1. What do you get for Rg/Rh over the protein assembly as shown if you use C-alpha atoms and the Kirkwood form of Rh?
2. Under 5 Å between amide hydrogens, which residues at least 5 positions from A:Leu9 or on another chain qualify, with H placed 1.01 Å from N in the peptide plane?
3. Near the amide H of A:Met164, under 5 Å away, which other amide H atoms are found, from residues 5 or more places off or on another chain, if H is placed in the peptide plane?
4. How large, in percent, is the carbon and sulfur part of the accessible surface of the protein assembly as shown at a probe radius of 1.4 Å?
5. Treating only the Cβ atoms of Lys and Arg (+1) and Asp and Glu (-1) as charged, compute the dipole magnitude of the range A:85-159 about its Cα centre; round to the nearest 20 debye.
6. How big is the charge dipole of the protein assembly as shown about its Cα centre, in debye rounded to the nearest 20, if each Lys and Arg gets +1 on its Cβ and each Asp and Glu gets -1 on its Cβ?
7. Order the following by accessible area, largest value first: A:Phe69, B:Phe279. Probe radius 1.4 Å; ligands, DNA and RNA are ignored.
8. Order of A:124-135, A:109-120, A:141-152 by packing, highest average Cβ count within 10 Å first?
Amino acid sequence: MNAASRLPLVELEQVNARYENEIVLENITTSIYPSELISIIGPNGSGKTTLLKIILGIIKPSAGRVRLFRHYNGYTPVHIGYVPQHILYDPAFPVTVLDVVLLGRVKSGFSRLQKKDTDTAMNVLDMMGMKHLAEKGFQDLSGGQRQRVLIARALAGEPVLLLMDEPTANIDRDAEKEIYTLIRELTRTMTVVLVSHDLGVVPKISTRVFCLNRNLKFHETTELTGDDIRSLYQETMDLVQHSHSHDEQDLPGKGWCGS
Amino acid sequence: MVRVMIVFFRDLFIFDHVQYAVIGAVLASLSCGIMGSYLSVRRITSSAGAISHFLLGGLAAAQFLKKVYLVPIPVEAGALVAAVIAAVIIWLVTRWAKQREDTVLSVLWAFGMAVGGIFIFFTPGNTGNLQFYLFGDMSLINPSGLAAMGILAAVLILFFIFFYEKILAIAFDSEYAALRGIRVSMYSFLLLLFAALTVVVVVQLVGIVMAIALLSLPQAIAATFTRRLWQLIAGSIILSMIFTVGGFAASYEPGTPPGAMIILSAGFFYLVSLALKSFRKNRRTAQVSGAR
């Protein structure tokens, strides 16, 4: 299942992004290839979420350009699945688990959901061990279960590229483990980009690690072997453990990724 | 109470205006059950309050033109124009200046009232109208008004049946809906426009001041026993019908303002539903702790 084709799915060319007058991302050039599991790490406010949203087209870059699926005819932005970190939803929103998962298959224009869509949604729930929750109210679930439902929503759209923004934030250890197992499973059939704070597990399961830092520089760790990643992250983990008592904001910007 | 009901049902079969009022209540309930549910799940019910108060400007301006310049337009036309303007303004603001939405709603609210106040001052014989604008008058509903209410209800029902999934997607997570290729902005505008037109209808029933209640209380009650958007809509429609027809019937013989009766009954049942909800919750926690 390694990259049969080395043509990139996503290409970023000298992308800049800003909020108001503040530069969030600067001069980012990279590509994402099929079958990768890329993790994006970096301190708070380093532009991780912004980078995902630029790939998704939710945020327009202030400079540079983003090319999606240039070498892949027939793939459109709809083939990107997205698991947001937060959704601004009403805690009393009247919606069932199956409804939420089906929203990952909603189509534009006049086409409506068919039985086939429900079948796919149920299969995804089944795969994630949540079939029995299908008719439950979304608001009746635990935080971890909701997170899994949002992952199911992204998977229901049968994406070729899955972008996940801190999928393990705000959930307990056991649920976290399950989600990592699931992510590894998913990389067999799709490319995954994972934003994470977790410097312990995530780099170990990733094929490449992007480090985004507050200085808005982009370090791409190219051509890393497994040993390189391990040694790189051994350092990083030490760094994190070392400064464990500090607020994450206190992490030094320079050399943050052990570079 | 029995006598009140007997008089109501007797007149229901005799007088046209009683029948119109009841049919109007049923038709308006369809629209406000649907749009109130949309507004409540998108958490923008306050925009209905702003729109309804903004309508005063349109209503009073139309009345002024009619009385002073003898322009042959119904006052509802003024309300319609104001509703469309309000929807466009709110849409533009939410689209281009997201962070200041509540400010603009307050401005619309006050500005409409101010414009209304000026026009009412310059219109001769205006005091009776103010009562009508603020509290509505169901007995003034006429066949052409019913036709308009019927068309709006039919359009809304078809729109929601046909685009249900898209509306749900936008209300639940508009960012994700946009990723699925849904034209969120266009739907948001259409729905805002529909909400504004619904407010015009509701204002005829309960007036400017209480319109927001009829667009939120039935939903708040229905939310305690529904788990899906379509159930919320259906429950709200039924509750709206009960409150509007019931409120009108109860106020008919004593001659109390029907709008006020409608909102009082809705408010009362809202409190009952809250009490039931906390009762059920307490019992559930009692059972859980009993099991331990």
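The values are calculated or read from the model by the stated rules, or taken from the named source; none is laboratory data. Everything numeric in this text was worked out from a predicted model, so none of it was measured. Here the Cβ is made from the backbone with ideal geometry for all residues, glycine too, and neighbour counts use every protein chain on show. All accessible areas refer to the heavy atoms of the entire protein, side chains included, with ligands and DNA or RNA removed. Shrake-Rupley method; radii C 1.70, N 1.55, O 1.52, S 1.80 Å.
1. Values: Rg = 28.3 Å, Rh = 26.5 Å.
So for the protein assembly as shown, dividing Rg by the Kirkwood Rh gives 1.07.
2. Amide H to amide H, under 5 Å and 5 or more residues apart or across chains, A:Leu9 pairs with A:Ile32, A:Tyr33.
3. Amide H to amide H, under 5 Å and 5 or more residues apart or across chains, A:Met164 pairs with A:Val83, A:Val193, A:Leu194, A:Val195.
4. Numbers: 15830 of 26070 Å².
Carbon plus sulfur share of accessible area: 61 percent.
5. Details: 10 positive and 8 negative charges, 33 e Å.
Charge dipole, the range A:85-159, about its Cα centre: 160 debye, nearest 20.
6. Values: 48 positive and 41 negative charges, 188 e Å.
Approximately 900 debye in magnitude.
7. Numbers: A:Phe69 10, B:Phe279 120 Å².
Reading off the accessible areas and sorting them downward yields B:Phe279, A:Phe69.
8. Numbers: A:124-135: 16.4, A:109-120: 12.1, A:141-152: 20.4.
Going from most to least packed, we get A:141-152, A:124-135, A:109-120.
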